[in-house]
Amino acid sequence: MMPIRTRALSALAGLLLALAPANLMAAEPLEAPTGRVILDIGGAIANPNDAAQARFDLAMLDALPQRETVTATPWHDGTQTFTGPLIAELLDRVGAEGTTLRVVAINDYAVEIPVEDVRQHPVILASRQNGAPMPVRDKGPLFVIYPFDEKPELFNEVYFSRSVWQVRTIEILP
Ligand SMILES: Nc1nc2c(c(=O)[nH]1)N[C@H]1C(S)=C(S)[C@@H](COP(=O)(O)O)O[C@H]1N2
Ligand SMILES: [Mo]
C-alpha cells in the first residue's frame, strides 16, 4: 500500500490531468510520417518529430479533427466544399507557442497570419476539394480556407491574401 502522502500526490496528479486544457495535453509525442511529407511546421513548437520540425504526411493530417467548409471563393466558379484539419487543432498538436504564422507556398509566396484568426474563426488547411485531393495545378495539396460564406466580413483582400494555396511550410513566430 502506498504511503498516504504518495497517494494524495497521485490523486492530485490525476485531478490536474483531468482538468488540463486540450492544448497542454498535446505533449503526446508526434509520430513520424510514413508517407510523402507534404507539410513542415517549424519555429516555436514544443512537439517536433524530426529535430526542431514537425513533419506531416497526408494520413497524419487526416487523423486530426476535420471540418467541412462550404463556400464560394474568388478563385472558383460556384460553391465548393473544402475539407481538412482546423489549423487551431494542428497548432495544438505541434504545441505551437507563437502569435503569428508565417505560411509559405511551393511557389515561395509567403504571408503572415495572426494566430488570433484561427482561434476566432474555423480556418482550415484544406486537403480535399469536393471530396477529392487537390493536385498542385489546382492549388493543392494544401490550401488555407477561411469560412467566407459563414462570415461575410472575411470576404475581403486582407483575408484573400492570407488564403495561401499550395502551402508547403508553416513557421510559428513568437
Ligand atoms: N500560393 C499562393 N497563394 C496565394 C497567392 C500566391 O501568389 N501564391 N496570392 C495571394 C494574394 S496576395 C491574394 S489577394 C489572393 C488572390 O490572388 P489572385 O489575385 O491571384 O487570385 O491569393 C493569395 N494566395
Ligand atoms: Mo493580394
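Read the figures in this text as sums done on the coordinates, not as results from a lab. All values reported here derive from a predicted model rather than from experimental measurement. Cβ coordinates were reconstructed from backbone atoms using ideal geometry, including for glycine residues, and neighbour counts include every protein chain displayed.
Full extension from E157 to E28: what is 0.36 nm times the residue separation minus their Cα-Cα distance, to one decimal in nm? Please report the intermediate quantities before stating the final value.
Details: separation 129, 0.36 × 129 = 46.44 nm, distance 3.79 nm.
The E157-E28 span can extend by a further 42.6 nm.
Output the peptides 147-158, 90-101, 114-125, 131-142 sorted from most to least packed, where packing is the average of other Cβ atoms within 10 Å over each peptide's residues.
By packing density, highest mean first, the sequence is 90-101, 114-125, 131-142, 147-158.
Percent of Cα-Cα pairs per 10 Å bin, from 0 to the last occupied bin, for the chain, please list those.
Distribution as computed: 10, 36, 31, 13, 6, 3, 1 percent.
Dipole magnitude of the chain about its Cα centre, charges +1 at Lys/Arg Cβ and -1 at Asp/Glu Cβ only, in debye to the nearest 20?
Details: 14 positive and 21 negative charges, 96 e Å.
It comes to approximately 460 debye.
Extension gain V70-A44, at 0.36 nm per residue separation less the Cα-Cα distance, in nm? Present the calculation step by step, with values, prior to reporting the outcome.
Values: separation 26, 0.36 × 26 = 9.36 nm, distance 3.16 nm.
My answer for the length gained is 6.2 nm.
Can you find, among V104, I145, A52, the residue sitting farthest towards the positive end of the charge dipole of the chain, where Lys and Arg contribute +1 and Asp and Glu -1 at Cβ?
Ranked along the dipole, the leading option is A52.
With a 10 Å radius around each residue's Cβ, average the other Cβ atoms per peptide and rank 38-49, 70-81, highest first. Please list the in-between numbers first.
Numbers: 38-49: 18.0, 70-81: 12.8.
Descending packing order for the listed peptides: 38-49, 70-81.
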